[in-house]
1. Give, as a single signed number, the net charge of other residues whose beta carbon lies under 9 Å from the beta carbon of Gly212, with Lys and Arg counted +1 and Asp and Glu -1.
2. If R0 is 45 Å, what FRET efficiency do you get for Ser129 and Val16 from their C-beta distance, rounded to 0.05?
3. If you count only protein heavy atoms with a 1.4 Å probe, what accessible area per residue comes out for the range 177-221, rounded to a whole Å²?
4. Which order do peptides 141-153, 12-24 fall in by mean Cβ count within 10 Å, highest first?
5. Please give the calculated 222 nm ellipticity per residue for the chain, where each DSSP H segment of at least 4 residues contributes -39500 (n - 2.57) and the sum is spread over every residue; nearest 500 deg cm²/dmol?
6. Whose amide H sits under 5 Å from the amide H of Leu220, counting only residues 5 or more places off or on another chain, with H placed in the peptide plane?
7. Please check which bits of the range 81-112 a label hung off Arg258 would reach, taking the label as a point 7 Å along Cα-to-C-beta and the cut-off as backbone N under 19 Å.
8. Please give the net charge around Glu66, taking every other residue with its beta carbon less than 14 angstrom from that of Glu66, where Lys and Arg add +1 and Asp and Glu add -1.
Amino acid sequence: VEPAPLAPIMARLRLVKDADELRRLQRAIDITVAAHEEVWRLAEPGMHEYEFEAAAEYVFRAHGAERVGFPSIVGSGPNTTVLHYDRNRRRTEPGDLVVVDIGAEFGYFSADITRTFPVSGTFTPRQRSLYELVLGAQQAALDRVRPGVTMAELNRVARDHIERASGELCGAESCNRYFIHGLSHWLGMDVHDVGEYGTVLAPGMVLTVEPGLYLPEESLGIRIEDDVLVTEDGYRLLSGALPRDPEAVERVMRESPRWTRPVGR
Ligand SMILES: [Mn+2]
């Protein structure tokens, strides 16, 4: 027997999660959901990006997560348009959007959830229109998730939605030119987990669905990312407990913090 490289074999094995792996991943996701909501409750203009990072990571550890699955991304204002921004130093200003892309690690599995919220507590009409465009693209892609499809197909569905639903939001052309990254990646022991990207979806696989729009000239970036399990006949939104609807996000923002209270506030 000729020796064969082990990595592709391990990658295929890691694509499909068993019940215990899903239990641990779900715990990581539930902790990350709690962290997002706490950041929303705390948020007010003038807070620094690192204060949101600190609150999120406090909630991670306070709920038993061993560590972050990847460096926490908290970008406000112009930083919402910077992919993989993790300096987290800026002071927020009234009217800013804030992109929070975080994931707790629990039992060697990492969550990866992104939400975008208005630091002042209310989306402006333009922010909200663009937010709803991203949300619609995400839902269109989610509705297509089932065994037999590929990530490339999901990406096309999301972009088709943006083509169709952009209206005049981005000028004469659609907003597609502002969607500057891929829609999905595998999720598991690593945040961008191993596995061929051309793989046909099968039950037990977990992927992210994360459309975004980034308009640097307006300091306006929006990303919505959820963690999705492929099932026999469709999908289960593992991060479905975290609101995506703009009104629901604003509603949680009006609540008081549950676990954290910043010094001097
Ligand atoms: Mn991701």
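1. Every neighbour counted, the sum reads -1.
2. 0.70
3. Each residue of the range 177-221 exposes 36 Å² on average to a 1.4 Å probe.
4. Result, highest mean first: 141-153, 12-24.
5. -11000 deg cm²/dmol
6. Leu215
7. The answer is 102-106, 111-112, whose backbone nitrogens lie closer than 19 Å to the label point.
8. Charge balance in the 14 Å sphere: +2.
The values are calculated or read from the model by the stated rules, or taken from the named source; none is laboratory data. Because the structure is predicted, anything quoted here is derived from the model rather than measured. We place every Cβ from the backbone using ideal geometry, glycine too, and count neighbours over all the protein chains shown. Ligands, DNA and RNA are excluded from the accessible area calculation, which covers all protein heavy atoms including side chains. Shrake-Rupley method; radii C 1.70, N 1.55, O 1.52, S 1.80 Å.
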